[in-house]
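Notes for the one structure printed next.
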Amino acid sequence: MLKIIIDSYIPYIEGALEGLADVHYLPFVEIKPERLSDADALIVRTRTQCNAALLEGSRVKFIASATIGYDHIDADYCREKQISWTNAPGCNALSVAQYLASALSYLEEKKGLDLKTKSIGIVGVGAVGSKIAELATSFGMRVLLNDPPRARREGTKYFVDLETICREADIISFHTLLNRTGPDKTYHLADKAFFERLRQKPVIINAARGEIVSTDAILEALNAGKISEAILDCWENEAQVHPQLLERSLLATPHIAGYSADGKANAAQQSIRALSRFFGLGIDDWETPQLPPPIESACKPGGSVTDFFLRTYDIEADSILLKSNPSGFEAQRSNYPFRREPKAYLPYMDADFAKSFIKTFPLFF
């Protein structure tokens, strides 16, 4: 029988493989070489570095990462050892869009920004960035897209260079993969030189990977007034959060932008289906169990759209928790109470509000 090791912090996945494999659920800190010697497959998160240090000497032939990102997987090593792997592209794109919706709503409601008069630069226009572009358009914002790989493939008609983003954007939001080398390197993409090119004193949002933004550079930019605010979900050297940057950030969260119940269910589903196809387990159409209901009281009759986004995901509450207990970063992330995405609230919405909301924000439906 196949032996499969699964990160025990991956929700909605328990029970999927029982009876088909010998399944072991381990906290990510216990997924170590000595536990993998006789394992055939892994289902992990980004906290598990899948490289020679972990995999050498094991019989692992398949890795499923229940995440959008895959920079924690050493693709060259896996290719050399004939280890197949997969991630879950797009699984939590709407969850990140919900996070951005709450962040933008916070800027409008609490900081007085009129979003309809602002430009947003989206750096990285993949599964997530494309949803953020739809979201910003729904808010009535001017949208600037930067994605060099897509621009090379599709032409520059719909894309601008980073210089244009630096010159014209009032808000800059990062949604790239983390590439440490190569022509599309994103490691420290927002470095000192980047911040020196800014012209609008923008709000900087990072809900991608912490290493995309240099900690020293963004802190210097904040202190020098080159940017107006920082909203950060991702950090260099997680789970250690730089104390000064934490304090200076308008909103600071423990890498949970993609942590909706819906997104996590999508990730579990994609991982199980991929593993089933690889090993021929016959559950290629496996679906996650029923998700928890949304908080009905979050739908306030007659409220505004921004009020709805802030009620159905209270980004400020997550920020207050992290700022009050930065050493609890990993615990807050691992035990996060998964929120439901906007679509789950449809049955509780006022009929007129629902009709208008669906028309204005179709990306969530």
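The values are calculated or read from the model by the stated rules, or taken from the named source; none is laboratory data. Please read these numbers as outputs of a predicted model, since none were measured by experiment. Using ideal geometry, Cβ is built from the backbone for each residue, glycine included, and neighbour counts are taken over all protein chains shown.
Below is a table of values for the structure above.
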| quantity | calculated |
| --- | --- |
| Filter result (crowded, with 16+ Cβ neighbours inside 10 Å and among the basic types (Lys, Arg)) within region 1-34 | Lys3 |
| Of all residues making up region 330-351, the number that are hydrophobic (A, V, I, L, M, F, W, C) and within 16 Å of the chain's Cα centre (by Cα) | 1 |
| Residue within region 305-317 that is over 28 Å from Leu246 (Cα atoms) and not aromatic (Phe, Trp, Tyr) present | yes |
| Of residues in region 34-78 being among the aromatic types (Phe, Trp, Tyr) and not in a loop (DSSP other than H, G, I, E, B), the one farthest from Thr181 (Cα to Cα) | Phe62 |
| Subset of region 79-99 that is in contact (Cβ under 8 Å) with a residue 24 or more places away in the chain, in a loop (DSSP other than H, G, I, E, B) and surrounded by 18 or more Cβ atoms within 10 Å (Cβ to Cβ) - its residue that is farthest from the chain's Cα centre (by Cα) | Ile83 |
| Filter pass, Pro293 being at pLDDT below 95 and farther than 30 Å from Ala21 by Cα | yes |
| Single match in Ser119, Ser102, Ser130 (criterion: under 18 Å from His255 (Cβ atoms) and in contact (Cβ under 8 Å) with a residue 12 or more places away in the chain) | Ser102 |
| Tabulated pairs, region 283-312, first more than 12 Å from Met349 (Cβ to Cβ), second surrounded by fewer than 18 Cβ atoms within 10 Å (Cβ to Cβ), C-beta under 6 angstrom, 6+ apart or interchain | Asp284/Arg277; Thr306/Glu109 |
| Test result for Gly19, at positive phi and free of Cβ contacts under 8 Å to residues at least 12 places away in the same chain | yes |
| Only one of Gly282, Gly263, Gly302 that is surrounded by fewer than 14 Cβ atoms within 10 Å (Cβ to Cβ), among the small types (Gly, Ala, Ser) and modelled with pLDDT of 95 or more | Gly282 |
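So that you can scan it fast, the table gives a plain yes or no per residue for (1) among the aromatic types (Phe, Trp, Tyr); (2) within 22 Å of the chain's Cα centre (by Cα); (3) outside any helix (DSSP H, G or I); (4) surrounded by fewer than 22 Cβ atoms within 10 Å (Cβ to Cβ):
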{"residue": "Gly121", "(1), (2), (3), (4)": "no, yes, yes, no"}
{"residue": "Val128", "(1), (2), (3), (4)": "no, yes, no, no"}
{"residue": "Ala133", "(1), (2), (3), (4)": "no, yes, no, no"}
{"residue": "Ala136", "(1), (2), (3), (4)": "no, yes, no, no"}
{"residue": "Arg150", "(1), (2), (3), (4)": "no, yes, no, yes"}
{"residue": "Thr176", "(1), (2), (3), (4)": "no, yes, yes, no"}
{"residue": "Asn179", "(1), (2), (3), (4)": "no, yes, yes, yes"}
{"residue": "Ala208", "(1), (2), (3), (4)": "no, yes, yes, no"}
